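Have a look at the structure below, then the notes.
FYI, it's all coordinate maths here, none of it is from the lab. This structure is a prediction, so every number in the text was calculated from the model and none was measured. Using ideal geometry, Cβ is built from the backbone for each residue, glycine included, and neighbour counts are taken over all protein chains shown.
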Amino acid sequence: MGTLDAFITSDKQRHIIEQLHTLKQSIAQRGEQADRENGFPAESFEDLLTIGYNKITLPETYGGLGFGIYDMILFQETLASFDGATALSIGWHLGIVGDLYDKKLWSDGHLDDFADKIVNERALTNRILSEVITGSPTRGGRPGTNATFIDGQWHINGHKSFASLSYATTHYITSAWIPEKESIGFFLIPQQSAGLTIKETWDMMGMRGTASHDLIFDDVVVPDAALVELNNKPRSAKVNGWALHIPAVYLGIAQAARDHALEFARTYKPNSLEFPIGQLPHIQEKIGQMELKLTTARHFLYDVAKKFETPETADYAAGQLGAAKHVVVNNALDVVDIAMRIVGAQSLKASNPLNRYYRDVRAGLHNPPMDDMTITKLATAALDEK
């Protein structure tokens, strides 16, 4: 566990991390294969379900494990150091479940029913909100997907993109415009619904193992109860501390890059030297830079999580969530870059893990909140100070 030891505060946390480490080798190997083949490591998610990982952010009163935001980022950073794509994929589920039950975004009946699916049917979910015609929902665009109420049932038609975890998701939470209500509705739709298909469009250079394909809704018919939430405001307007699962993933990738470069520096000894390159001053300077950036990012992220879960400091922390993501992702980019400079040209080999870390970590720039929105928000808050 190494660097994270100082951030583990309970035996319950340590137990989950130890369980994750029993899966490390297989998850890492499948992640590498999924990246190489642009595939999906389905067995890794089966392994995670076996240890109840889909229940960690579900409250104990609903049958879950009851872990909070701080705990979640601790687990997610650990998992991402094995494979970033696997961690990011299941992280969406963890963050959504934590947010749903923390804020009681659905009715009691809907929450009880979905909790039962998580606990007893090993359900996994993701919010499928992005569309090609609207871009990221955080920019406030209205969904092009439509829902029409006919004879007591909802008929949904549309085309969604970036459906991470697409193959393993059992229930999609899909946004759709409801013309007669002039509002955005969120529908819980089983993966096996007639008319719903996964269109294999995911062909990115990074996070290839997330299977973030498109979803096509061709007159998908669901019962009235499938409408779980009605909201006229863009979801970006709501502060969501559970979104810290995102930077935790990129911190884990950076940690993995650091570990690889450190091992290389300890063991690589060209015939021009009598000792490993780790003893060279300019290599030690690079290692020190990595340590400083990782330490800065980690302390910022975990401090914001802790403050968010403390009532007296929650309001302050809410204003720092975007900043935490910005600092972590950009520091992670730097760490991977420095690691590649230490390893040199070998880091560019397709078989070298740094090649994948470099491609995967760049995806963080395109996960919400976006850097420009964060900087603008910080500037506005500063200008509004009295």
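What you get for the chain, charging only the Cβ of Lys and Arg (+1) and of Asp and Glu (-1), is a dipole of about 940 debye around the Cα centre. Using a Gaussian network model of the chain in which every pair of alpha carbons under 10 angstrom is joined by a spring, one finds that among 173, 150, 17 the greatest mean-square fluctuation is at 150. Computing Rg and the Kirkwood Rh from the Cα coordinates of segment 2-122 gives a ratio, Rg/Rh, of 0.98.
The local environment of residue 72, defined by Cβ-Cβ distances under 14 Å, has a net charge of -2 under the rule Lys, Arg +1 and Asp, Glu -1. With contacts taken as Cα pairs under 8 Å at a separation of at least 6 residues, segment 126-234 carries a relative contact order of 31 percent.
Identify which of 323, 363, 194 has the largest mean-square fluctuation in a Gaussian network model of the chain, with springs joining Cα atoms closer than 10 Å. Maximum among the listed residues: 194.
All other residues with a Cβ under 9 Å from the Cβ of residue 32 taken together, and with Lys, Arg as +1 and Asp, Glu as -1, what is their net charge? Don't skip to the answer; put the middle values down first.
Numbers: positive: 30, 36, 356; negative: 35, 83.
With Lys, Arg at +1 and Asp, Glu at -1, the neighbours total +1.
Here the gap between residue 204 and residue 105, fully extended at 0.36 nm per residue and compared with their Cα-Cα distance, gives a gain of 32.3 nm. Axis angle, to the nearest 10 degrees, between helix 321-343 and the longest C-alpha principal axis of the chain: 40 degrees. The amide H of residue 212, built 1.01 Å from its N in the peptide plane, has 165 as neighbours under 5 Å, considering only residues 5 or more places off or on other chains. For the chain, the relative contact order comes to 16 percent (Cα pairs under 8 Å, sequence separation of at least 6). Amide hydrogen proximity for residue 229: with H placed 1.01 Å from N in the peptide plane, the residues at 5 or more positions away or on another chain lying under 5 Å are 186.
Cross-link partners for residue 286 among the aspartates and glutamates, with Cα-Cα distance under 12 Å and sequence neighbours closer than 8 places in the same chain left out: 334, 337. For the chain, the share of DSSP beta bridges that are antiparallel, to the nearest 5, is 85%.
Between beta-carbons, use under 12 Å as the cut-off and find the net charge around residue 359, counting Lys and Arg +1, Asp and Glu -1. Numbers along the way, then the final one.
Working: positive: 36, 208, 356, 362; negative: 35, 360.
Computed value for this residue: +2.
To the nearest ten degrees, helix 371-383 and the longest principal axis of the Cα atoms of the chain are 80 degrees apart. Computed from the C-beta positions of residue 341 and residue 151 and an R0 of 51 Å, the FRET efficiency is 0.20 to the nearest 0.05.
Over the chain, one equal point on each Cα, no solvent: what is log10 I(q)/I(0) by the Debye formula at q = 0.07, 0.09, 0.11, 0.14 Å⁻¹? These q points yield log10 I(q)/I(0) values of -0.32, -0.53, -0.79, -1.25. Working note: 222 nm ellipticity from helices only, DSSP H runs with n ≥ 4, each -39,500 (n - 2.57), summed and divided by the residues of the chain, gives -15500 deg cm²/dmol to the nearest 500. Distances between placed amide hydrogens fall under 5 Å for residue 197 paired with 216, 218, all partners being 5 or more residues away or on another chain. Derived scalar couplings between HN and Hα for segment 25-32 equal 4, 5, 5, 5, 5, 5, x, 5 Hz in order, rounded to whole Hz, by the Karplus curve 6.51 cos²θ - 1.76 cosθ + 1.60 (θ = phi - 60°), x for Gly and Pro. As a length-normalised measure over Cα pairs under 8 Å and 6 or more apart, the relative contact order of segment 239-383 settles at 32 percent. Specify the residue with the greatest mean-square fluctuation among 33, 284, 192, computed from a Gaussian network of the chain linking alpha-carbon atoms under 10 Å apart. Of 33, 284, 192, the Gaussian network model singles out 192 as fluctuating most. Rounded to the nearest angstrom and listed largest first, the equivalent-ellipsoid semi-axes of segment 239-383 from its Cα gyration tensor are 34, 15, 12.
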